[in-house]
1. Which of the residues that make up the range 2-50 are polar (S, T, N, Q), out of contact with any Phe, Trp or Tyr (no Cβ under 9 Å at 6 or more places or on another chain) and surrounded by 12 or more Cβ atoms within 10 Å (Cβ to Cβ)?
2. Restricting attention to the range 73-92, and to residues there that are hydrophobic (A, V, I, L, M, F, W, C) and in contact with a helix residue (DSSP H, G or I) (Cβ under 8 Å, 6 or more places away or on another chain), which single residue is surrounded by the most Cβ atoms within 10 Å (Cβ to Cβ)?
3. What single numbered condition from (1) in contact (Cβ under 8 Å) with a residue 12 or more places away in the chain; (2) open to solvent by less than 60 Å² (accessible area, probe 1.4 Å) fails to hold for residue 156?
4. Which numbered condition in (1) touching a Lys or Arg at 6+ places or on another chain (Cβ under 9 Å); (2) closer than 30 Å to residue 161 by Cα; (3) in a strand (DSSP E or B); (4) of a type in the set (A, V, I, L, M) is the only one that residue 93 fails?
5. Pull up the range 107-121, narrow it to residues that are open to solvent by 70 Å² or more (accessible area, probe 1.4 Å) and among the hydroxyl-bearing types (Ser, Thr, Tyr), then point me to the one that is farthest from residue 143 (Cα to Cα).
6. Within the group 129, 119, which residue is more than 26 Å from residue 31 (Cα to Cα) and in a loop (DSSP other than H, G, I, E, B)?
7. Taking the range 56-72 as the search range and keeping residues that are basic (Lys, Arg) and open to solvent by 50 Å² or more (accessible area, probe 1.4 Å), which one is nearest to residue 35 (Cα to Cα)?
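The values are calculated or read from the model by the stated rules, or taken from the named source; none is laboratory data. None of these values were measured; they are calculated from a predicted model. Backbone-built Cβ (ideal geometry, glycine too); neighbour counts: all protein chains shown. In case anyone asks, the SASA skips ligands and DNA or RNA and just uses the protein heavy atoms, side chains included. Shrake-Rupley method; radii C 1.70, N 1.55, O 1.52, S 1.80 Å.
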Amino acid sequence: MSRIGKLPIPLPKGISAACSGLHITVSGPKGKLERDLYPGMKLEITGETIKVLKPESHDRIYKGLFGLTRTLIANMVHGVSQGFEKKLEIQGIGYRAAVQNNVLTMFVGYSHQVDYKPPQGITLETPKPTQITVKGIDKEKVGAVAAELRFVRKPEPYKGKGIRYEGEYVRIKVGKSGASGAGAGGKK
């Protein structure tokens, strides 16, 4: 069985969880999250912990779902208590972003500006014109929105211009060099 699945999930103060059948609801100071569990998964909720019970079936798929279910519920508890955030960096001359009326406007080298309205439950901030912060209580939504924003202008490999995750390493390729003087035909 999964080592992760066996671990109990602690419930901090102010967090409540309820399970009815295959539907779990976790609520806290940041909001409320709901999720349907996979068939065959069962939970045991006590005062301060949630424990995922071992599946009755010994199929390989249930061994994987055991640990996955525990991780998804732990992410829900973390989200409603502390929340999640992803940071993006914008690199390039003249590249910038700004948030107005919950709409992110990006200038990233196109002939037009790119506007992005986040889904419900996600907030976007720009502490600097070259930084974007995605915040929310649902880890999946935060990651999906960050990936969508990065896809607007992925970092290109020659100068590194574009939108990247904070701390992401972009390998820079060596461009064509005109030092050989060969010209277009390849011969002198």
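1. To start, the set of residues in the range 2-50 that are polar (S, T, N, Q) comprises 2, 16, 20, 25, 27, 46, 49.
Within this subset, residues satisfying the condition of being out of contact with any Phe, Trp or Tyr (no Cβ under 9 Å at 6 or more places or on another chain) are 16, 20, 25, 27, 46, 49.
Within the range 2-50, 16, 25, 27, 49 meet the criteria.
2. To start, the set of residues in the range 73-92 that are hydrophobic (A, V, I, L, M, F, W, C) comprises 73-74, 76-77, 80, 84, 88, 90.
Within this subset, residues satisfying the condition of being in contact with a helix residue (DSSP H, G or I) (Cβ under 8 Å, 6 or more places away or on another chain) are 84, 88.
On the way: 84: 19, 88: 23.
Here the answer is 88.
3. (1)
4. (3)
5. Here the residue is 111.
6. Details: 119 fails: more than 26 Å from residue 31 (Cα to Cα).
Criteria check complete, one pass: 129.
7. Initially, the range 56-72 is screened for residues basic (Lys, Arg), giving 60, 63, 70.
Those still in the list that are open to solvent by 50 Å² or more (accessible area, probe 1.4 Å) too: 60, 63.
Values: 60: 23, 63: 20 Å.
Among residues in the range 56-72 that are basic (Lys, Arg) and open to solvent by 50 Å² or more (accessible area, probe 1.4 Å), the one nearest to residue 35 (Cα to Cα) is 63.
Conditions (1) without any contact (Cβ under 8 Å) to a residue 24 or more places away in the chain; (2) among the hydrophobic types (A, V, I, L, M, F, W, C); (3) assigned to a strand (DSSP E or B), marked per residue:
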site: 4; (1), (2), (3): no, yes, no
site: 26; (1), (2), (3): no, yes, yes
site: 39; (1), (2), (3): yes, no, no
site: 56; (1), (2), (3): yes, no, no
site: 80; (1), (2), (3): no, yes, no
site: 87; (1), (2), (3): no, no, yes
